[in-house]
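Trainee: So that we are looking at the same thing, I have put the structure below in structure tokens.
The values are calculated or read from the model by the stated rules, or taken from the named source; none is laboratory data. Remember, it's a predicted structure, so these values are computed and weren't measured experimentally. Please note: Cβ atoms are built from the backbone with ideal geometry, for glycine as well, and neighbour counts cover all protein chains shown.
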Amino acid sequence: MTKREEKWALTRETVGDGRLSVVMPLYRLAAETESNLREVANLFERYRVNTELVPVDDGSDDGTDEILSRLVSLNDEYSHVTFRPVICKRNGGKGAALRAGFAASTGRYVMLLDGDLDIHPKQTPYFFESMVKNMADIVVGSKRHKRSVVQYPWHRRLVSAIYFTIVRIFIGLPVTDTQTGMKLFKREALGPALDRMLVKTYAFDLELLSIAYSRGAKIAEAPVRIRFGNKFGALKSSTVRQMSLDSLAVFYRLRILKYYAHVMVPRPLDHDPLVSVVIACPNPSWMLSECLMALSQQTYGNFEVIVLPDEPVSERELAVSGLDLSVIPTGKVRPAEKRNLGIKRSRGEIVAFIDDDAYPDVHWLEYAIKYFSEPDIGAVGGPGVTPPGDGYMAKLGGRVYDNILVSGNYRYRYKAGGVRKDVDDYPSCNLLVRKDLLDKIGGYRTDFWPGEDTLLCKDIADAWKRIVYDPWVVVYHHRRALFGPHLRQLGRYAFHRGYFCRKFPSNSLHLSYFIPSLFVLYCVSWVALFVVPLPDTMPVWLYLAWHTYMAVPMLVYVGLVLVTTISPNLVKWLITAAGVVATHFTYGVQFVRGLVAKKAPCEFIGKDHL
């Protein structure tokens, strides 16, 4: 027996009667997909290792999904290898792809392998050898291993060395490389780490290993052979920037927040509850069709859809293949009244609310439903991010909402990211609630619009149920364009928030809501500097102090606006900066109006609907 055969024998013996799951994320690799998967399958078949190949198409648009669908027929050709393809209808990043692949896999050992085969799986025995020798839970391929053979451009070596140094100092991982695309896990080490993941893209590997290591997993390394050739040219500045931000976020959550040690991981559900998706809308539109199409692509299958338009619409007109769809005309009433009718007609244990001008990520229901295994959780929400297909001014409206000076601690509502946490208020564009809880509190109040979802969340909290935010529970919410539609919508929100601060303070009386109004008050006093002349007898020191008070905060504010809205595109930069300032003034004025109002209007307003 040759040395190679001995190593493969150790691999086969370690896997035993169990199975090795090879999860391979693929994105726009149609030209290579079939040949690469056949090559991997032939390798493990030759050495008689019980293997399931789990290729994951991460929303490719080049026909990769069709190729994977055909490859299932290859199962009859192999004795030791099976194909279990996973097709994600929308691109969600490497993190989402690997989570989907792991969920579909069944093996005791799980190998993560890049689909382009830059690192060939014939090196698998070295990983199992290291796992057995070091009694490790995880083995990562390392370009810096003394036995590795790597053809690597000098600039990539430099970036890798710098990144390794930063990781070693700040994260403390006992490895020399986190980014190489081949890793071997024992299932019990990988599963709990994936359950706590937040990063979806560049720093996914770093976060995965950091979580596992912090939970006691032992990590070892294995040598790799890599030939990069010309595939890795100059690094994009945007990639380096995002990688740096993601890595800093991992450090912050790991070392400062201690987030990974305390984050709640819900228990597995004992059944798949029926979910009723309720969509209130004025009339059918291209946005509603987009929403229904996205619902038809959900990875969670046990749900019904209830659409509530103003006028009668035939179900055939809205029909989308694979959807259990009901259409209930309501007349021209407000969204709260529509949603209450949807609640009444729903059959599900969970009611999922989404606006007709939004559409869900393919994993929306899958990622949200798991929380309802915990009886103290009454509702779940997630970010409503700006769709990539929005118009130019609408995207700039989304950019204004994303700005930290506008949304502050509430950016998580508009921007994917952040951590899982309990919240006391969440909008109905992305909110799932227990049906029995909705029945208990009487659904939505109908005497306010907008703001009815704030009062629903107040009632949920008053019923001693938690509202959980998860950054993976994503919907894409179309924005109103700058400036008119954006400011009109924002003004209505601000008025009701001001009114609720006085009338229903439990989840509205927060300091952050008052800041725009304080800014407007400052600006009014700033204008007074030029309208009201200062007395000639004012001491020089007081005169200078007054002007300093008036000038310095304004200069700081302008500087912060320009820094937080910066863009290489000057027009985009200036419009966004102007949008931030206009948003502050509009919100500040309307909030005060609501704060002193005797009554909040509750009329139907439809002119800003997209």
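Trainee: In this structure, is residue 201 at pLDDT below 80, surrounded by fewer than 14 Cβ atoms within 10 Å (Cβ to Cβ) and closer than 25 Å to residue 473 by Cα?
Mentor: Taking the combined requirement at face value, the residue does not satisfy it.
Trainee: Scan segment 256-281 residue by residue and report those that are closer than 17 Å to residue 436 by Cβ and without any contact (Cβ under 8 Å) to a residue 24 or more places away in the chain.
Mentor: Result: 271, single match.
Trainee: Could you identify the single residue in 437, 431 that is without any contact (Cβ under 8 Å) to a residue 60 or more places away in the chain, of a type in the set (A, V, I, L, M) and either in the same structural domain as residue 339 (by TED's automatic domain parsing) or buried (at least 21 other Cβ atoms within 10 Å of the Cβ) (or both)?
Mentor: Among 437, 431, only 437 is without any contact (Cβ under 8 Å) to a residue 60 or more places away in the chain, of a type in the set (A, V, I, L, M) and either in the same structural domain as residue 339 (by TED's automatic domain parsing) or buried (at least 21 other Cβ atoms within 10 Å of the Cβ) (or both).
Trainee: Here's a follow-up. Do we find that residue 42 is assigned to a loop (DSSP other than H, G, I, E, B) and either in contact with an Asp or Glu (Cβ under 6 Å, 6 or more places away or on another chain) or outside the structural domain of residue 471 (by TED's automatic domain parsing) (or both) in this structure?
Mentor: So residue 42 does not fit the description; no.
Here is a yes/no grid of residues against (1) under 24 Å from residue 379 (Cβ atoms); (2) in the same structural domain as residue 430 (by TED's automatic domain parsing); (3) charged (D, E, K, R):
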site: 289; (1), (2), (3): no, yes, no
site: 296; (1), (2), (3): no, yes, no
site: 302; (1), (2), (3): yes, yes, no
site: 315; (1), (2), (3): no, yes, yes
site: 320; (1), (2), (3): no, yes, no
site: 326; (1), (2), (3): yes, yes, no
site: 330; (1), (2), (3): yes, yes, no
site: 333; (1), (2), (3): yes, yes, no
site: 337; (1), (2), (3): yes, yes, yes
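Trainee: Kindly indicate which of 492, 480, 445, 497 is of a type in the set (Lys, Arg), more than 26 Å from residue 402 (Cβ to Cβ) and buried (at least 18 other Cβ atoms within 10 Å of the Cβ).
Mentor: After applying the criteria, what remains is 445.
Trainee: State all residues of segment 360-379 that are part of a strand (DSSP E or B) and either within 14 Å of the chain's Cα centre (by Cα) or at pLDDT below 95 (or both); if no residue qualifies, say none.
Mentor: Answer for segment 360-379, where residues must be part of a strand (DSSP E or B) and either within 14 Å of the chain's Cα centre (by Cα) or at pLDDT below 95 (or both): just 360.
Trainee: On the basis of being surrounded by fewer than 17 Cβ atoms within 10 Å (Cβ to Cβ), modelled with pLDDT under 90 and touching a helix residue (DSSP H, G or I) at 6+ places or on another chain (Cβ under 9 Å), does residue 534 make the cut?
Mentor: yes
Trainee: Moving on. Kindly establish whether residue 411 is in contact (Cβ under 8 Å) with a residue 60 or more places away in the chain and either closer than 21 Å to residue 365 by Cβ or out of contact with any His (no Cβ under 8 Å at 6 or more places or on another chain) (or both).
Mentor: no
Trainee: State whether one or more residues within segment 225-242 are outside the structural domain of residue 95 (by TED's automatic domain parsing), modelled with pLDDT of 85 or more, surrounded by fewer than 21 Cβ atoms within 10 Å (Cβ to Cβ) and not β-branched (Val, Ile, Thr). Full working, then the answer.
Mentor: Step one: of segment 225-242, the residues outside the structural domain of residue 95 (by TED's automatic domain parsing) are 225-242.
After this cut, where a residue has to be modelled with pLDDT of 85 or more as well, the list is none.
No, the conditions are met nowhere in segment 225-242.
Trainee: Across segment 30-44, which residue is surrounded by the most Cβ atoms within 10 Å (Cβ to Cβ) among those that are within 15 Å of residue 65 (Cβ to Cβ) and in contact with a strand residue (DSSP E or B) (Cβ under 9 Å, 6 or more places away or on another chain)?
Mentor: 33
Trainee: With 90, 48, 28 as the choices, which residue is under 26 Å from residue 389 (Cβ atoms), outside any helix (DSSP H, G or I), among the basic types (Lys, Arg) and free of Cβ contacts under 8 Å to residues at least 60 places away in the same chain?
Mentor: Just one listed residue meets the conditions, 28.
Trainee: Would you be able to say whether some residue in segment 137-157 is at pLDDT 85 or above and part of a loop (DSSP other than H, G, I, E, B)?
Mentor: Yes: segment 137-157 contains one or more residues that are at pLDDT 85 or above and part of a loop (DSSP other than H, G, I, E, B).
Trainee: Listed residues 455, 482; which is of a type outside the set (Ser, Thr, Tyr) and within 25 Å of the chain's Cα centre (by Cα)?
Mentor: One residue alone meets the criteria, 482.
Trainee: Further, regarding this structure: Give the residue that is farthest from residue 381 (Cα to Cα), with candidates limited to residues of segment 339-358 that are part of a loop (DSSP other than H, G, I, E, B) and in contact with a helix residue (DSSP H, G or I) (Cβ under 7 Å, 6 or more places away or on another chain).
Mentor: So the residue we want is 346.
Trainee: Exactly one condition in (1) under 13 Å from residue 116 (Cα atoms); (2) in a helix (DSSP H, G or I) is not met by residue 71; state its number.
Mentor: (1) is the only condition that residue 71 fails.
Trainee: Which ones in segment 297-315 are under 11 Å from residue 282 (Cβ atoms) and in a strand (DSSP E or B)?
Mentor: Result: 308, single match.
Trainee: Pairs under 6 Å by beta carbon, first residue farther than 14 Å from residue 578 by Cβ in segment 544-564, partner assigned to a helix (DSSP H, G or I) and modelled with pLDDT under 75, six or more apart or different chains?
Mentor: Note: pairs meeting the criteria are 550/526; 550/529.
Trainee: Those residues that are surrounded by fewer than 19 Cβ atoms within 10 Å (Cβ to Cβ) and either assigned by TED's automatic domain parsing to the domain that holds residue 461 or touching a residue at least 24 places away in the same chain (Cβ under 8 Å) (or both), I need them from segment 504-518; list them, please.
Mentor: If we filter segment 504-518 for residues that are surrounded by fewer than 19 Cβ atoms within 10 Å (Cβ to Cβ), which is where we start, we get 504-506, 509-512, 514-515, 518.
Within segment 504-518, 504, 506, 512, 514, 515, 518 qualify.
Trainee: Would you point out which residue out of 130, 105 is among the hydroxyl-bearing types (Ser, Thr, Tyr), touching a helix residue (DSSP H, G or I) at 6+ places or on another chain (Cβ under 9 Å), farther than 24 Å from residue 251 by Cα and in contact (Cβ under 8 Å) with a residue 40 or more places away in the chain?
Mentor: Exactly one residue qualifies, and that residue is 105.
Trainee: Being in a strand (DSSP E or B) and small (Gly, Ala, Ser) narrows it down to one residue among 21, 60; which is it?
Mentor: Details: 60 fails: in a strand (DSSP E or B).
Result of the check over 21, 60: 21.
Trainee: Considering every residue within segment 279-288, establish whether at least one is surrounded by fewer than 20 Cβ atoms within 10 Å (Cβ to Cβ), under 28 Å from residue 448 (Cα atoms) and polar (S, T, N, Q).
Mentor: Checking segment 279-288: at least one residue is surrounded by fewer than 20 Cβ atoms within 10 Å (Cβ to Cβ), under 28 Å from residue 448 (Cα atoms) and polar (S, T, N, Q).
Trainee: Select from segment 372-384 the residues that are in contact with a strand residue (DSSP E or B) (Cβ under 6 Å, 6 or more places away or on another chain) and either surrounded by fewer than 21 Cβ atoms within 10 Å (Cβ to Cβ) or of a type in the set (A, V, I, L, M) (or both) and list them in ascending order.
Mentor: If the condition is that a residue be in contact with a strand residue (DSSP E or B) (Cβ under 6 Å, 6 or more places away or on another chain) and either surrounded by fewer than 21 Cβ atoms within 10 Å (Cβ to Cβ) or of a type in the set (A, V, I, L, M) (or both), then 376, 377, 379, 380 are the ones that fit.
Trainee: Sticking with this one: Please verify whether residue 584 is at pLDDT below 70 and either within 29 Å of the chain's Cα centre (by Cα) or surrounded by 14 or more Cβ atoms within 10 Å (Cβ to Cβ) (or both), treating the condition exactly as stated. Before the answer, list the steps.
Mentor: Numbers: at pLDDT below 70: no; either within 29 Å of the chain's Cα centre (by Cα) or surrounded by 14 or more Cβ atoms within 10 Å (Cβ to Cβ) (or both): yes.
Spelling it out, it is not the case that residue 584 is at pLDDT below 70 and either within 29 Å of the chain's Cα centre (by Cα) or surrounded by 14 or more Cβ atoms within 10 Å (Cβ to Cβ) (or both).
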